[in-house]
Amino acid sequence: MIKIVLDTSVVVAGLRTRLGAGNAVLRLVAQRRLVVLATPPLFLEYEEVLKRPEHRLVHGLPLDAIDEFLAELAALVEPVDVHFQWRPQTRDANDEMVLEAAINGHADALVTYNVADFAGAVERFGIAVLRPGDVLRRVKP
């Protein structure tokens, strides 16, 4: 089974539309066809970003529905402890959290819409950087 770390952009996009690849990746996680890895700080970032007014305006979910989604996602997450910090590897501190989850969790892939943000950093660690559509093509129906 493929072990992945989801960039926050994928989680947000997955809730913004049911038709996109991000939502399809979240469904594969819910079906336990992908193992999702996360550190506590990364998971807290998911929560903070999903609850921002600008995102709530688009996905239209009330706070209790976001909390329910996060509880279900948390039940599926394989927790990762950060034993080593590899900073700095990227230009954005939030990207560092995602990368460290992938490195410390021995992820097969880091899934993001912002591939360029991670391109140089992951090569050193042998982690694939994939867009959600790439993941869908790799997981057999």
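Worth pointing out:
- Of everything in the stretch 72-130 that is open to solvent by less than 70 Å² (accessible area, probe 1.4 Å) and hydroxyl-bearing (Ser, Thr, Tyr), the residue that is modelled with the lowest pLDDT is Thr90.
- Scope the stretch 10-22; condition surrounded by fewer than 18 Cβ atoms within 10 Å (Cβ to Cβ) and part of a helix (DSSP H, G or I); matching residues: Arg16
The values are calculated or read from the model by the stated rules, or taken from the named source; none is laboratory data. All values derive from a computational prediction rather than experimental measurement. For neighbour counting, all protein chains shown are included, and Cβ atoms are generated from backbone atoms with ideal geometry for every residue, glycine included. Quick note on the areas: whole protein, heavy atoms, side chains included, nothing else; ligands and nucleic acids left out. Shrake-Rupley method; radii C 1.70, N 1.55, O 1.52, S 1.80 Å.
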